[in-house]
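Encoded as structure tokens, the structure appears first; notes follow it.
What follows is calculated from the coordinates using simple rules that are stated; it is not laboratory data. Not measured: the values here are computed from a predicted model. For neighbour counting, all protein chains shown are included, and Cβ atoms are generated from backbone atoms with ideal geometry for every residue, glycine included.
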Amino acid sequence: MKRFINLLRQDMVVAQRNYFHYVVITLAVLMSAVILFLIPNTVKLTPNELFLDLTHEKRLEDFARDQGTEEGRIFQSKEGLLEAVDKNSNSLGIILEGDMENAKVTVIHQGTESVEIINVLDATIQGALDEIRGITRKANYQVQYLRPKTDPIPFNKMMVPLMVVTEAVMLGFLLIAVMVFQEKEEGSVRAYRITPSGTMVYILSKAVINVGLAVLYTSILIFLTMGFQVNILAVLMIVVLASFLMTLVGLSISVFFDNLQQFIFIGVLVIGIISMPIASYLTPAISMPFMEWLPSYPVLFGLREVLFPTGKAGMITAVSITLGIEIILFIVISYHAVRNKLMGEGQS
């Protein structure tokens, strides 16, 4: 234990000398500002509907207002509607003419919309007209919820788990490589080889430094963006396990290279692969079975469940067990990699 504490103190000095803590704090504040002030609360992925009601009753116009449609999407002239659709490539124009009993609907679109979007729009318009006319149609479908409904997650807050993974977790992968290459260049590794501390002490000391930086980053980001009404202990537990794992992964790979220039290509490739579950997180339709085996997958969805609970019982436990198994695997891998490539043959 004394050897571990002594080496940990040395690594802390190195981390402070390289201003790692300032980098982490700055990133946390910047990412928080991006989430709070630059990323919008809502993002409309389908085209914006712009309305022009040329009927005498103006019932579609009133209906649109009752549904919360902004005044800027309701027009009084065809020329104004056409000009707005032409300026905004993510918009559709809906013109209602005639009377409500024999309404004529004209849809002005960009020509790039999918058939599915047009069909959904057609059904939506028909449903709106029926509701305006007071016609009730019996639905030929049923909706069942797997869990109790929850409030929609604001789009900017949904980025919080993403920011935690990309910075607190991925950053640990890169920082451990920087630390290893710096020690190689300064000759610290050669000096360490003749000490009795051993390989495992070396690995654990580096891991603790990276985990501490990840906890610092995550705590600042969570408190600035989500406040104090979250289960911070569960968040930090996932981050600690994920950061520990990525430190072991980075250590297992970086010891095979002499400097950052040699490592950077493989490092970027590994980060690219580990980042694939981000696509599934942002677009659930993009989901491939192999993504679930990547470390970032359970971390992303585990953090989302902690920050925005949906009642998925046992998910946090499952995430912890998955990360724990992967940590055990990479402890073995990193131990042999560090002992054989960094410490030299026969060092234990």
Projected-area average for the range 1-100 over all orientations - Cα convex hull basis, square nanometres = 11.6 nm²
Tell me, what HN-Hα J-couplings in whole Hz come from the Karplus equation 6.51 cos²θ - 1.76 cosθ + 1.60 at θ = phi - 60° for each residue of the range 137-150, using x for Gly and Pro?
-> 9, 6, 6, 9, 8, 10, 10, 10, 9, 5, 9, x, 5, 10
Beta carbons within 10 angstrom, averaged per residue: use that to sort the peptides 131-140, 279-288, highest first.
-> 279-288, 131-140
Crossing angle, helix 315-337 versus the chain [Cα axis fit, 0-90 degrees, rounded to tens] | 40 degrees
Segment LYS58-ILE264, extension gain: residue separation times 0.36 nm, minus the distance between their alpha carbons = 67.9 nm
Taking GLU116, GLU61, GLU292 and counting other C-beta atoms within 10 Å, the order from fewest to most = GLU116, GLU292, GLU61
Labelled set [x] 27.7, 92; [y] 25.0, 70; [z] 20.0, 60; Rg and Dmax of the Cα atoms in Å computed from this model equals the value at [x]
Reciprocal mean inverse distance between Cα atoms of the range 48-133 - Kirkwood radius, Å = 13.1 Å
The range 286-348 versus the range 31-54: alpha-carbon centroid distance in Å = 35 Å
Where does each of 78-88, 326-336 land if you order them by average Cβ count within 10 Å, highest first?
-> 326-336, 78-88
per DSSP, antiparallel bridges as share of beta bridges in the chain, % nearest 5, sits at 40 percent
If amide H atoms are modeled at 1.01 Å from N in the peptide plane, then the residues at a separation of 5 or more from ILE74, or on another chain, having amide H under 5 Å from its own are PHE51
For the range 211-348, what is the convex hull (Cα atoms) projected area averaged across all directions, in square nanometres?
-> 9.9 nm²
